[in-house]
Amino acid sequence: MTIDPISSPQISALGRAGDSGGAAVAGESARSIAVAVVGHIAGQLLLAPARPGNIAEKYGVRALADTVAAAFPNGNPAAVGALHRAMESFAGAVAADMAAFADGRTLDRVDSAIADFAAPENAHDIEAVRAAFERAAAAITDAR
């Protein structure tokens, strides 16, 4: 199984979609981060071919966070920084879950944890999306 690296152009094509606003981009970014993390950890555990490279770059969290932040015109620098940290925390929770279990259910736990990303209150509020990433990271961590 080979998982291609994630790049922000794959996400930026999503843009704003009706009433979902930036929340749709955030949800897709969360899923992309999870797939990248699971693929990398699987490679490290020899469950899939590993690719050399910088782990942070392989996950692409910073580029995805920039793409998500761009979907929220109300995002000030402090809110964008908090979003970056929340997305990195989410990636860490997914990595820890995959490393702890390596049972193939990590993505199921991710899907459950990010189910509320498309909620209307997340549509145009960067703080709500940051909180959603933090809740998702906590939910994945608590599932262990």
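Quick note: the coordinates plus some simple rules give every number you see, no bench work behind them. Bear in mind that the values here come from a model prediction, so they are computed numbers and not experimental data. Note that each Cβ is placed from the backbone with ideal geometry, even for glycine, and that neighbours are counted across all protein chains shown.
For a Förster distance of 30 Å, can you work out the FRET efficiency between the beta-carbons of Ala78 and Arg105, rounded to the nearest 0.05? List each step's numbers first, then the result.
Values: r = 36 Å, r/R0 = 1.19.
After rounding to 0.05, the efficiency reads 0.25.
Compute the distance in nm between two label points, each set 7 Å from the Cα along the Cα-to-Cβ direction, one at Ala119 and one at Arg135.
0.2 nm
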